[in-house]
Amino acid sequence: MKDLIYCQRDIPKEQWRYGFRTSAAVGCGWIATYNALRLMGYRAEPEKLIKMYEHMLPLVHGNAGTATLAPALVFRNWGFPVKVVFDRKKFDETAAASDVCIVFYHWRNKWKFGAHFVTVQPTEAGFVGYNTYRTSKGPDSWTGSIDGFLKQKKYFGAVLIGIRDKRNKEVADWN
């Protein structure tokens, strides 16, 4: 798809501000939501997503990024069947049954510490991530296992949000 955001660092600093900061710095949460909607074939407007997420955290307004479970609450509020999984051993099973997922994790690089949201989609060849790296130019392979990818990169504190398309008649009992 042409209109996915593959790398938030490519967003010009003056475009799509998130609070007082740039989306390139702290926009991964709304970007993961945007990409998940687009992958399921829905229209998504960055400006509306940013405004919605900014109002979810009064006083913070996106300056520290997006709250960990905010995407799950948003998709559930929009009527999508959602599963939130904290046990990494169950990530692959839930992701394979999802139309799209959002993975939240923490990272550490020497003295730096941060967190990131990535949209992940199951494919026949494994899992594909969108907006995975600061240098991503397209979809990134997450190999055959989300847990394996997270272990390999030494990411921790992960949460998987599995999302099913609400238009799919088979999702009624998924929650």
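The values are calculated or read from the model by the stated rules, or taken from the named source; none is laboratory data. The structure displayed is predicted, hence computed values, not measured ones. Neighbour counts are summed over all protein chains in view; Cβ atoms, including those assigned to glycine, are modelled from backbone coordinates with ideal geometry. Just the protein is used for accessible areas: all its heavy atoms, side chains included, with ligands, DNA and RNA removed. Shrake-Rupley method; radii C 1.70, N 1.55, O 1.52, S 1.80 Å.
The set of residues in the range 6-17 being open to solvent by 20 Å² or more (accessible area, probe 1.4 Å) and either among the hydrophobic types (A, V, I, L, M, F, W, C) or touching an Asp or Glu at 6+ places or on another chain (Cβ under 7 Å) (or both) consists of TRP16 alone. Applying the set (1) within 17 Å of ARG38 (Cβ to Cβ); (2) touching a residue at least 12 places away in the same chain (Cβ under 8 Å) to LYS83 leaves exactly one unmet item: (1).
Checking every residue in the range 55-68 against the condition of being out of contact with any strand residue (DSSP E or B) (no Cβ under 6 Å at 6 or more places or on another chain) and at pLDDT 95 or above gives zero matches. For first residues located in the range 154-175 and open to solvent by 40 Å² or more (accessible area, probe 1.4 Å) and modelled with pLDDT of 90 or more, partners that are in a loop (DSSP other than H, G, I, E, B) and aromatic (Phe, Trp, Tyr) and lie 6+ apart or on another chain with Cβ distances below 7 Å form the pairs LYS166/PHE80.
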